[in-house]
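Rule-based calculations on the coordinates, nothing more; no lab input. Model, not experiment: these values are computed from the prediction. Here the Cβ positions follow ideal geometry from the backbone for every residue, glycine too, while neighbour counts run over all protein chains shown.
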Amino acid sequence: MTEKIITRLNILTVFLSSLVISLINANFKALGFADAAEFALVNELMGIAHAPGFPAYVLISKLFTSLFSILGITHITGLVLFSSLCMSLAAVLLYLSVIILLKNTYSQLTNTTLYLIAICSAIAPVSGTTLWHWSHSVEVYSLQILSIAILFYGLFRRETGDLKTGSYLTAIGLGIGLANHHLTSIMFIPVMILLWPQGWLVNTSIKKKKEEIEKINWGERCGKEAKFVIFITTGILLLFYGWMYVRASAELPFAFGSPNTFDRLFYHLSGGAWIKNTQATVKGIVGMRLPYFLRISFEQFFLFLIFILMGIIYLISAKKHRLWAGITFYYIFLLIYQLRIDQTADTDAYLCTPFFLMGIFAALGMARLSTWHPKVSLLIPVLLLIQIGVNYPKTTLDNFDVSTSFMNDLDKSIEKGSVVLIADWTNVINYNYARLKTGFRSDLCVLNYDLKFTHYDLFRRNNPTIYASVKPAYDRYITLLKKYHPQEIYNTGCTLDQSDLLQAYLQVVRELQSYCTKNNLAFVTDPKAFVFLSQQNVFPNPHISGSYVSSKEGIGNDDFLQFNHKWLSNYHAQWDPSAADKLVDLEAALDFQRGNWKQLGDTKRESLAENNYRLIKRQQNQMKKKMKFLFRRPT
């Protein structure tokens, strides 16, 4: 076979292998914690996601899901496929980068060994626990890995002398990355600048005469390519963020924020309401989070850690400092950034891009070992298969029925026409996705605990009749919230730190309760919202209703006590910080249940509630040992 045919077969092998690895662990029916349902919803509506908006993900994933729908593929399945395709394409680009790398560092390798190492080092990152999990999740991270892979491959092409193609790829990768998860792209820019001048891999100067080199003006030689990259990148950013700016003016049933003015656009791009997490300091948070991040780093690298270390040592000994330093410090920067943030959701995902790029080091380590012992390269595929086998049960989401189990609880626990106040983000966003996508329980008026969800006008848009009944009180609450916390009327959350603002909020709740009483409907809350309202003496005579609390006689208690939450037994749930918040909700609901049945003398139901309560407490105790930062005492 010709080298061109072999290359194509190798690319196909890497692509299909990565795709199969990703998809065998995917869940095509349920959405997970945190922002999965939000991204599914904004994809469906072509809406605005939480800061910074991720317009690249919204538009590109919408193109793919629209094409998939023509083939009869369901929406969630289409989003899972999109993530897996992005990861597989990124693996192909890593393979092509490794080929360039090895041909310019280990020319003594045979073609068979070269191709074997390149294939395995491209697939290995996908088989690590962190990348494997996010590779099929409904999230932005697979697309972000693809954007960095495009950029990185562009730098390799530039290094081989293909300045035009390399500059194009660098600009495209940087543009998509900045229009997607821009933080990890911004942090990669120093690496890009470090690797922009040629000579970090291929010693091009030996082909030129000394006097010719001395005449070279670096600004003239590379200034043109740099301006070209800036021009293309800017064009991509204007395309995606310009669309987001225009789209923000649409009256959508769900949108996060309202970046339809330059001030709010800047606020959204700079991190929005989330930015306070990066500015706040928590005593001892770094020490509490470090063990967790060391564990996920080890599990990601696992059997290929030794190769990664060998690759770094080789680059240091070969004095190719720019390559190893750029990637290594990129990992360290993002690690430190995450260590100091008091964050639970997606806390490991920010390391996806440096984890992926470590495949470069692994390839060099494999090559070095193969030059010492040529036949040892045959063990590399065996190690890859072992890693896949070990990590499979750690990353499978087959029984990760987060959204379906939560919506089942909601459906069974809440009677028709109820007004529902929910403090748990995962629950409220999954409900909104299910209602807007499939019409699920459209009879309900489900409000976030802050009443406005992610934009003050969503209440009116989605529940006009009920909004009209409380309009004066609600408008006064929004007016005061705008006065004290202007950006909060366009984002989730409400800081009730002023007495008049708190009373305005409570007045809306009282009028919602009055509306329910007048129309013989139930006013319902989840445990977190109930605790807050009961402390304010605005929730009299509560009744237990499944995993919720209702103003009317409860329903769905027997269904809830069956406790059909398969995700609790999933390995990933035991290490997912996002699951901790939900465990608190379930703990409270079961505590209410066991107290209720004990008071009524129903020993059978009390026993069921007690057993499930103990199950939750055991899970929490395990998580406390693994992730102490989630259960620290408030300071």
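What full-extension length gain, to one decimal in nm, is calculated for TYR484 and PHE298 as 0.36 nm per residue of separation minus the Cα-Cα distance? Intermediate results must be reported in sequence, preceding the final value.
Values: separation 186, 0.36 × 186 = 66.96 nm, distance 4.55 nm.
Extending this stretch completely gives an extra 62.4 nm.
Provide, in order from the shortest bin, the percent of all Cα-Cα pairs of the stretch 222-366 in each 10 Å bin, continuing until the bin that contains the maximum pair distance.
Taking all Cα pairs of the stretch 222-366, the binned fractions are 9, 25, 27, 27, 11, 1 percent.
When the Cα centres of the stretch 519-561 and the stretch 111-157 are compared, how far apart do they sit, in Å?
If you average the Cα positions of each part, the centres end up 48 Å apart.
List the aspartates and glutamates whose Cα sits under 13 Å from the Cα of LYS437, skipping any in the same chain fewer than 8 residues away.
Cross-link targets: GLU38, GLU44.
Beyond 39 Å, how much of the Cα-Cα pair distribution for the stretch 3-395 remains, as a whole percent?
Numbers: 13144 of 77028 pairs.
More than 39 Å apart: 17 percent of the Cα pairs in the stretch 3-395.
If all Cα-Cα distances of the stretch 402-630 are sorted into 5 Å bins from 0 onward, what percent lands in each bin, rounded to whole numbers?
Reading the bins upward from 0: 1, 7, 14, 18, 19, 16, 13, 8, 4, 1, 0.
If you average over every viewing direction, what projected area does the convex hull of the Cα atoms of the stretch 432-480 give, in nm²?
Details: hull surface 14.0 nm².
Its average projected convex-hull area is 3.5 nm².
Treating only the Cβ of Lys, Arg, Asp and Glu as charged (+1, +1, -1, -1), what charge dipole size does the chain show about its Cα centre? Round to the nearest 20 debye. Intermediate results must be reported in sequence, preceding the final value.
On the way: 60 positive and 44 negative charges, 336 e Å.
Dipole about the Cα centre, nearest 20: 1620 debye.
Checking the cross-link filter: which lysines have an alpha carbon closer than 21 Å to that of LYS604, excluding same-chain neighbours under 8 positions apart?
The reachable lysines, counting only those whose Cα sits under 21 Å from LYS604, are LYS412, LYS617.
Shape verdict for the stretch 1-64, please, from the Cα gyration tensor: rounded (a/c under 1.5), prolate (a/b greater than b/c) or oblate.
prolate
In vacuo Debye scattering of the stretch 66-199, one point per C-alpha: log10 I(q)/I(0) at q = 0.10, 0.11, 0.15 Å⁻¹?
Values returned for q = 0.10, 0.11, 0.15 Å⁻¹ are -0.37, -0.45, -0.79.
Can you give the convex hull volume of the alpha carbon atoms of the stretch 477-584 per residue, in Å³?
Details: hull volume 14.9 nm³, N = 108.
Taking the convex hull of the Cα positions in the stretch 477-584, it is 138 Å³ per residue.
Could you give the length gained by full extension between LYS394 and GLN108, i.e. 0.36 nm per residue of separation minus their alpha carbon distance, to one decimal place?
Working: separation 286, 0.36 × 286 = 102.96 nm, distance 3.83 nm.
Contour length minus the Cα-Cα distance gives 99.1 nm.
Please work out the Cα center distance from the stretch 40-101 to the stretch 288-333, rounded to the nearest Å.
Value for the Cα centre distance between the two parts: 28 Å.
Beta carbons within 10 angstrom, averaged per residue: use that to sort the peptides 372-380, 569-577, highest first. Don't skip to the end; give the middle numbers.
On the way: 372-380: 13.3, 569-577: 19.7.
Those peptides, ordered most packed to least, come out 569-577, 372-380.
So between LEU9 and ARG510, what do we pick up on full extension, going 0.36 nm a residue minus the alpha carbon distance?
Working: separation 501, 0.36 × 501 = 180.36 nm, distance 6.69 nm.
Full extension from LEU9 to ARG510 adds 173.7 nm.
Which of the lysines could be linked to LYS4 by a straight reach, that is with a Cα gap under 17 Å, when you skip same-chain ones fewer than 8 residues away?
LYS103
Kindly provide the pair-distance distribution of the stretch 1-151 built from C-alpha pairs, with 10 Å bins from 0 and whole-percent values in order of increasing distance.
Each 10 Å bin holds this share of Cα pairs: 11, 38, 30, 15, 6, 0.
What is the dipole size for the stretch 402-630, taken about its Cα centre, with +1 at each Lys and Arg Cβ and -1 at each Asp and Glu Cβ, in debye to the nearest 20?
On the way: 29 positive and 24 negative charges, 65 e Å.
So the magnitude is around 320 debye.
Expressed as a rounded percentage, what relative contact order does the stretch 28-85 have, with Cα pairs under 8 Å and six or more residues apart? Write down the numbers at each step before the final one.
Working: 41 pairs, mean separation 19.6, N = 58.
Relative contact order, the stretch 28-85: 34 percent.
Distance in nm between label sites at ASN541 and LYS626, each 7 Å beyond Cα in the beta-carbon direction?
The modelled label-to-label distance comes out at 4.5 nm.
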